[in-house]
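One structure is given here, and the rest of the page talks about it.
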Amino acid sequence: MVIVQIQVVINFQTDPEIVLTVGNSIKNLQKSNNVKIQILNVPKSAPPEAPRMIVFSQNAIINICLNRYDIIIKPPKHINTEIIASFNFVRSVITELLDHLIFTDFQYQWTGIISNFEHALSKGEKKSIEVVTPFFDKLINI
């Protein structure tokens, strides 16, 4: 099994001026962590989940939307077969980024984690759903 990527979603009440709200913090992140920033030209009629700004760091891609942060992290190859090591890596990356992304005046609603796994099956193995069930049960119990 290989952990392809882990996505952390932080959802908050819609902020129509998100680029201005987080702008100074993202500039500070750019100075301290050498990240690249791309501001997208998105029409005002686009849904709030559409990214307005993308931040590219060494270990993560952060989509900044009007109502959420989507933080996409790919565990390095030397640990991407170990779930605990991969989640510890994600925790360290998120901890580093949260100082620049969390604001006390935001009204946070929920947070979620999405994990993408790849598992190769040989011809003699069980059906895919039978192989995935134990992993699914463990993820539900996190």
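Okay, here's what the table says:
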{"read-out": "Residue count for the stretch 91-130, restricted to those that are part of a loop (DSSP other than H, G, I, E, B), farther than 20 Å from Gln5 by Cα and not β-branched (Val, Ile, Thr)", "value": "10"}
{"read-out": "Tally of residues being open to solvent by 40 Å² or more (accessible area, probe 1.4 Å) and out of contact with any strand residue (DSSP E or B) (no Cβ under 7 Å at 6 or more places or on another chain) across the stretch 13-47", "value": "18"}
{"read-out": "Listing of strands (runs of 3 or more DSSP E) fully contained in the stretch 1-90 that carry 3 or more residues being in contact (Cβ under 8 Å) with a residue 60 or more places away in the chain", "value": "2-12, 68-73"}
{"read-out": "Output for the stretch 66-94, where each listed residue is closer than 15 Å to Ile114 by Cβ and in contact with a helix residue (DSSP H, G or I) (Cβ under 8 Å, 6 or more places away or on another chain)", "value": "Tyr69, Ile71, Ile73, Pro75"}
{"read-out": "Verdict on Thr104 being at pLDDT 80 or above, surrounded by fewer than 10 Cβ atoms within 10 Å (Cβ to Cβ) and closer than 22 Å to Ile26 by Cα", "value": "yes"}
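Yes or no, residue by residue, for (1) farther than 21 Å from Tyr108 by Cα; (2) modelled with pLDDT of 95 or more:
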{"residue": "Val2", "(1), (2)": "yes, no"}
{"residue": "Ile18", "(1), (2)": "no, no"}
{"residue": "Ser25", "(1), (2)": "no, no"}
{"residue": "Asn28", "(1), (2)": "yes, no"}
{"residue": "Asn33", "(1), (2)": "yes, no"}
{"residue": "Val42", "(1), (2)": "yes, no"}
{"residue": "Asp70", "(1), (2)": "no, yes"}
{"residue": "Thr81", "(1), (2)": "yes, no"}
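Conditions (1) among the hydrophobic types (A, V, I, L, M, F, W, C); (2) open to solvent by 40 Å² or more (accessible area, probe 1.4 Å); (3) in contact with a His (Cβ under 7 Å, 6 or more places away or on another chain), marked per residue:
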site	(1), (2), (3)
Leu66	yes, no, no
Leu98	yes, yes, no
Trp110	yes, yes, no
Ile114	yes, yes, no
Phe117	yes, yes, no
Glu125	no, yes, no
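The values are calculated or read from the model by the stated rules, or taken from the named source; none is laboratory data. For clarity, every value in this text was computed on a predicted model and none was experimentally measured. Heads up, the Cβs are rebuilt from the backbone with ideal geometry, glycines too, and the neighbour counts pull from every protein chain shown. Keep in mind that these areas ignore ligands, DNA and RNA; they rest on the heavy atoms of the full protein, side chains included. Shrake-Rupley method; radii C 1.70, N 1.55, O 1.52, S 1.80 Å.
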